[in-house]
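The values are calculated or read from the model by the stated rules, or taken from the named source; none is laboratory data. Bear in mind the structure is a predicted one, so any value in this text is a computation, not a measurement. Glycine gets a Cβ as well: all are built from the backbone with ideal geometry, and neighbour counts include every protein chain shown. These accessible areas exclude ligands, DNA and RNA; they are computed on the full protein's heavy atoms, side chains included. Shrake-Rupley method; radii C 1.70, N 1.55, O 1.52, S 1.80 Å.
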Amino acid sequence: MIIKAPIDLELTQVSGQTSQPPWIKTDDSYSDLVCIDTNPSIFHVKQCGENIDFSYTGNISEKQAISKVSEIYDLDFDLSKFYRYLDGHDELKDMSKFCNGLRLFQAKNQFECIISSICSANNSIKRWTKSIYDMKFKWGRNFNNYYLFPDTKSFNDIFLDDEEELLKNGSVENNNLKSCGVGYRAPYMRKASEIFTLEMNLSDISKMSYDEAFETILKVPGVGPKVADCILLYGFGFREAFPSDVWIKRIVSYLYFDGKDIKVEKVREFGMDEFGDYAGYVQLYMFHYARKSGLMERLK
DNA sequence: ACTCAGGACCAGA
DNA sequence: TCTGGTCCTGAG
């Protein structure tokens, strides 16, 4: 069925948003396994004009499926209103044409989003993507050759590295976190998983204010300000988050501060003050505008 | 063989 | 409170 909401599916998929890696591409469509409550369902989306054509298999209602796919691709967000906002500001007005149809790629699973955001820190998109696929393939439940991200309970049982695998399993068969190329992030990821099993509750965070949620999630090892904002934006829908890394710093500095070097922490505060509820979207658009317009090359 | 990029964290000022 | 070194890996 066609869902009426303009989107550039390809752009949204490959834009490196840390909620989840791109879905599996086959011919002209993107597919992945999604869980609704405990029911697995395979979602297929393909570009159809400016909208997407959506279909699914699995034991869930059409209403549930549409609601979930709309959430993941953020289809209720009013893009044209956002473009009017961008067009109304000199610093932002080129962005809509470079990123037309780009939407937030919201997490289909919050735990996956948390681990995957921790994994993205100080990493490259390419390596990060491969690590997440590896983890799903090695330890995720499998339906029709699609894999779920492992849940907290099974994640807790994954060996950290060769040493631990050898000690507890007697042999080494790349059945550990480090074998997925996550490096020193492995212990962070496992600690985070333990925390979300025992101490922190995902649904509690959803109910908090942005500030409270930010402070709470910062306590998780491997989660600093940038990763916290990614988790809150993509995993919990806090649109006022403005995830700030070196690239956003360079872009904001170029657009708003005459190229002056400013602290990432200041960039974050600036973004939140300046863009309000559009902060998350502006951050996403800034990054892709810089990529596509050639600005990024010049800022290196 | 070497240097570099990328956030979080920790020790020491 | 801030600064600078270190962590791991793949790419150049």
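Summary table below
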read-out	value
Count of residues meeting criterion [of a type in the set (G, A, S), more than 11 Å from DNA strand B (Cβ to nearest atom) and more than 20 Å from A:L104 (Cα to Cα)] in the stretch A:216-254	1
Filter result for A:G101 (over 16 Å from A:L284 (Cβ atoms), of a type outside the set (F, W, Y) and in contact (Cβ under 8 Å) with a residue 12 or more places away in the chain)	no
Residues being within 13 Å of DNA strand B (Cβ to nearest atom) and either open to solvent by less than 60 Å² (accessible area, probe 1.4 Å) or on the phi > 0 side of the Ramachandran plot (or both) - total across the stretch A:191-215	3
Within the stretch A:159-170, considering residues that are assigned to a helix (DSSP H, G or I) and either within 16 Å of DNA strand C (Cβ to nearest atom) or of a type in the set (D, E, K, R) (or both), the one surrounded by the most Cβ atoms within 10 Å (Cβ to Cβ)	A:E165
Candidates A:G237, A:G271, A:G276, filtered to the one that is at pLDDT 95 or above, buried (at least 21 other Cβ atoms within 10 Å of the Cβ), within 22 Å of A:R103 (Cα to Cα) and not hydrophobic (A, V, I, L, M, F, W, C)	A:G271
Qualifying helices (runs of 4 or more DSSP H) (wholly inside the stretch A:104-158; at least 2 residues being touching a Cys at 6+ places or on another chain (Cβ under 8 Å) and either on the phi > 0 side of the Ramachandran plot or open to solvent by less than 40 Å² (accessible area, probe 1.4 Å) (or both))	A:110-120, A:125-139
Search result, residues across the stretch A:236-252 that are more than 24 Å from A:L79 (Cα to Cα) and in contact with a Lys or Arg (Cβ under 6 Å, 6 or more places away or on another chain)	A:D245
Counted residues, the stretch A:179-189 - those being within 14 Å of A:I115 (Cα to Cα) and away from DNA strand B (no atom under 13 Å from the Cβ)	1
Hits in the stretch A:255-267 (condition: within 13 Å of DNA strand B (Cβ to nearest atom) and β-branched (V, I, T))	A:V264, A:V267
